[in-house]
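Note sheet for the following structure.
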Amino acid sequence: MKLKFIPIDYDYFDFEGRNYAKITGRDDKGKRICVIDSCEIYLWAILKEDLSQKKIEAIIKKISKIKLDIKGRQTKVEKVEFHDKNFLSHPVKALKIYATNYKDLHDIADKLGMKEIVKRRGYDLGFTTHYIIEKQLNPMEWYEISGELLNDSNKYGGIDKSIDVDICLELEGIKKIDKFEFTPKVLAYDIETDELQIGKGEILMVSLVSSDGFKKVISWKKSQESGQKQDYVEYVKNEPELIEAFVKYVKKISPDFLIGYFSDGFDMPYLKLRADHNKIKLSLGLDDSQPRISRGIMTSSKIKGIVHIDILKFIKTAYSQYMQSETLSLNDVANEFLGKSKKPFKHKHSSKLNGKDWAEYYEYNLHDSILTLGLFEKILPDLLEFTRIIKDPVFDVSRNGMSKNVESYILHKLGEFNEIPEKQANDKDIAERRSKERYEGGFVLEPKPGLYENIVMFDFTSSYGSVIVTYNLSKSTLLEKPSENAYTIKIKDKEVYFSKKPGFVPEILKDILEKRRKYKKELKSAKEQEETIKRARSNAFKLLANAYYGYLGFFGARYYSYEAAAATAAFARKAIKDVIRMIEKAEYDVIYSDTDSIAFARGKKNESEIETFLISLNSNLPGIMELELEGFFKRGIWVTKRSGIFGAKKKYALIDKKGNLRIRGFETVRRDWCNLARETQNKVIKYILEDGNEEKALKYVKNIIWKLKKREITKEELIIRSQLRKSLSEYKAISPHVIAARRMKEKKIPIGQGNLIEYYIAETREKKKLVREGVKLPEEPGEYDIKYYLEKQILPAVENIFQVFNINIMEIIEGKKQTTLGDF
DNA sequence: GGATAGCTGTTACC
DNA sequence: ACCGGTAACAGCTATCC
């Protein structure tokens, strides 16, 4: 039979010693399809150079005879072929050694210890990746497939009976077809519990919200007094019934995606532990299997046939660097992405909740799932496009770090270069790479502190990516010896050389950059219905390009190259310094530069003259290096460091013609300063940049300080937030936020690594020696410490800004203080 | 016992 | 452990006299 098919989830099973891929997805009518397929299984043995034909034939014969007996399973090498391949850009002679089961490849590799074989590769990709590469049945793309219907057959041990799908097919033919819309069925869920520690408390309720309008809260805790029952609430008798009802509804709705927020780390393991505790099965899988909770630092929960997605993970890797939110809590993220907040609800132990509280609790619980679903729908185009580009299953793409995504992208492209894949780093490699000395990174020009007018900002488009492509930097293009025909650069007093013959790693990046440029351009002229997808595509390639350099220097990377990473930074330093020189030569006043950007005053030149200047600059740049105009700014300020007279790097503020501020590095943008200090500084910067003088700003600060001294500032404005970045016991230095965290622990408030700790500094009876002596939690009563907030928050935040106008704000304020309070 | 250099720790920039 | 280096700064800690 024939049908249109979109693969969503990939799994595999063993039958009679062989591996079979089991792919679930949908057809164009929305029916759930399961496809069974197999592919050739093999690894590569790279041969020593200059082996005679006879020798090679002898080795092939020898390898063909390899038999294995592993845990009672007897298998053998099925066949051996000779191929001309490339490995790390070098032509090699290699043997393709076929086996029956992917798991056997490792053991076969262990038996290839003969001296004629120099390297064994390609047996560590994982079956699913291997399968996708072999069969080109890529996730989230449409195919017309043909095959034999397995419904009610006993083939593969009657697999179709054990799995809840409409059609089960043994795959025969695959034809890619033009993409058309796919709207997945999505179900978001969220649980509420008494204890935050996983499995320790009971699950009080669970909410479910689907993309087709289903809304439900299941609870066994009744709100006795609440008059009108919320129609979406369904009561059950107890916790086990709650879990069973949850499973029942998931099965009934049968979504393609089951979505949670931090559900890998909380909801799903909690459900699993409580199911175990109640001795019931959490059989969510299409084959009734339970979720597989992976152990380790990064836990994940996998359900067979349904893609469980923890959107927090994808948001972290794909968006967080461009986000404004100070935390990645559901509330902050929903606010930024959807403009919606969580429902207000004050958490209490369930024994202390009354009828009305419960009604609010249900509402709160339901709303979390609504927000989670909303967020998922927002990120779905990006996630799907990412999946199509990376070609890993959406389950993995949603959890991978960017480095892993880069690697998968490369692995799926190796075929185009006839390349044998490099192996994964082992523990020894990792230890060695991590012990390497850090190399020099970006160049930062020390600014001359001051207020500047008419500022231009240029920056390199995809700076490091362009460097890698321009100078062909990678593991495989690194040369051992100097060569006339090589790109040469010094890293740490040592010269390194890179071949000019394009290597596949830079070539793949070149293609990524070209695609990025193409899709960005297409986006500008895209029709409305195509806009989302084009934006997603352009965005995905941008992220891939940006992560490529990090990948080269990441110790876990297959194509790790310390030299290539260090050379990338070195060539980029050279490039920006050359540009600084060129701009200075054209008699502009260069103010500041950081890594790939440069700010200078345009003086008497107008904007169009600057644009012409940019074109002339670009004509002098090597390879694909290109500068672009980041923006014109009306005014900008650079300050000194807190100590000394040197210009502070990574701290500046600009204002454009429309009055938009761009603030970098200042306390305003740092979440570990109290709101009052941040807002005061923000206003000061705004007034100064708007008017070009300090009068209004000074007046404003004086007023704030007056209010502070009169205790007219609310405590909320004075709360300091700082993250617990490790477990409480690991801290050597006991800073204020550690004290606050310890106090929270004493009060049985659950805290741990990653929590944002809030506190304020209160007055103490005795004069304090250390700041931490005044630490109080927000809910603890106390008077805020005026002296602390004045001297350690407000004044430091504005001091350097007024210094630009030769105003010593400390003297003005403290001087006043001495005359008024100077009686002791 | 007070001053301070240096370290620990967090957060930002690119 | 799950991308790199550069930088500012606060507050604690060790060490000095």
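Since every read-out is calculated from the coordinates, none of them should be taken as a lab result. Given the structure is predicted, the values throughout are model-derived calculations rather than measurements. Because the Cβ atoms are built from the backbone with ideal geometry, glycine has one as well, and the counts that use them run over all protein chains shown.
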For chain A the mean separation of alpha carbon contacts under 8 Å (6+ apart) over residue count, i.e. relative contact order in percent, is 9
Fewest-first ordering of A:V307, A:V80, A:V469 by Cβ atoms within 10 Å yields A:V80, A:V307, A:V469
Chain lengthening between A:I56 and A:V771 when straightened (0.36 nm per residue, less Cα-Cα): 249.9 nm
Taking the mean number of other Cβ atoms within 10 Å as a proxy for protection, how do you rank A:96-103, A:768-775, A:722-729 from highest to lowest? A:96-103, A:768-775, A:722-729
Computed E for A:N693/A:E780 - FRET, C-beta separation, R0 56 angstrom, nearest 0.05: 0.85
Assign one of three labels to chain A, namely rounded, prolate or oblate, based on the Cα gyration tensor with a ≥ b ≥ c the square roots of its eigenvalues; rounded applies when a/c is under 1.5, prolate when it is not and a/b is larger than b/c, and oblate otherwise. oblate
What is the calculated FRET efficiency for A:K135 to A:E453, with r their C-beta to C-beta distance and R₀ = 51 Å, to the nearest 0.05? 0.25
Set the Förster distance to 60 Å, then compute FRET efficiency between A:K352 and A:E587 from the Cβ-Cβ distance, nearest 0.05. 0.25
Restraint check, A:K48/A:K490; A:K343/A:K542; A:K316/A:K500; A:K76/A:K135, Cα-Cα greater than 28 Å: A:K48/A:K490; A:K343/A:K542; A:K316/A:K500
Rounded to the nearest 5, what % of DSSP beta bridges with both residues in chain A are antiparallel? 90
Between the modelled labels at A:Q723 and A:N618 (7 Å from Cα along Cα→Cβ) the distance in nm is 3.7
With unit charges on the beta carbons (Lys and Arg positive, Asp and Glu negative) and the dipole taken about the Cα centre of the stretch A:271-380, which residue among A:I280, A:L380, A:N335 sits farthest to the positive side? A:I280
Greater than 23 Å separation of Cα atoms is the criterion. Which listed pairs, A:K346/A:K747; A:K61/A:K119; A:K577/A:K649; A:K436/A:K649; A:K524/A:K649, meet it? A:K436/A:K649; A:K524/A:K649
How much length would be gained if the chain were fully extended between A:L479 and A:Q529, taking 0.36 nm per residue of separation minus their Cα-Cα distance, in nm to one decimal? 13.1 nm
Cβ crowding within 10 Å averaged over residues, with A:129-136, A:318-325 ranked highest first: A:129-136, A:318-325
Taking the Cα centre of the stretch A:201-282 as origin, sum charge times position over the Cβ atoms of Lys and Arg (+1) and Asp and Glu (-1), and report the length of that vector in debye to the nearest 20. 240
Pairs of Cα atoms farther than 24 Å apart, the stretch A:220-323, %: 34
Which of A:N154, A:S476, A:P449 sits farthest toward the positive end of the charge dipole of chain A, with +1 on the Cβ of Lys and Arg and -1 on the Cβ of Asp and Glu? A:P449
Within the stretch A:700-744, DSSP-loop GluC sites (Glu not before Pro) with at most 12 other C-beta atoms within 10 Å are A:E712
Once you sort the root eigenvalues of the Cα gyration tensor of the stretch A:158-240 as a ≥ b ≥ c, which label holds: rounded (a/c under 1.5), prolate (a/b larger than b/c) or oblate (the other case)? prolate
Kindly identify the stretch A:554-646 as rounded, prolate or oblate by the Cα gyration tensor criterion: order the square roots of the eigenvalues as a ≥ b ≥ c, call it rounded if a/c is under 1.5, otherwise compare a/b with b/c, prolate if a/b is larger, else oblate. oblate
With +1 on the Cβ of every Lys and Arg and -1 on the Cβ of every Asp and Glu, the dipole magnitude of chain A about its Cα centre, in debye rounded to the nearest 20, is 1520
The answer for A:S300, listing residues at least 5 apart or on another chain whose modeled amide H is closer than 5 Å to its amide H, is A:S294
Which of the lysines could a cross-linker bridge to A:K787, judged by Cα under 17 Å and excluding same-chain residues fewer than eight apart? A:K702, A:K707, A:K709, A:K710, A:K715, A:K767, A:K768, A:K769, A:K776, A:K816, A:K817
Pseudo-spin-label distance A:I177 to A:E630, built 7 Å along Cα→Cβ, given in nm, is 4.8
Rounded to the nearest 20 Debye, what is the dipole magnitude of the stretch A:288-347 about its Cα centre when Lys and Arg each give +1 and Asp and Glu each give -1 at the C-beta? 240
Points 7 angstrom from Cα along the Cβ direction at A:R292 and A:K748: gap in nanometres? 3.9
Multiply the residue gap between A:E514 and A:E241 by 0.36 nm, knock off their C-alpha separation, and tell me the result in nm, one decimal place. 92.8 nm
Percentage of Cα-Cα pair distances in the stretch A:559-601 greater than 14 Å, rounded to whole percent? 53
So, by mean Cβ neighbours within 10 angstrom, what's the order for A:701-707, A:12-18, A:435-441 with the highest one leading? A:701-707, A:12-18, A:435-441
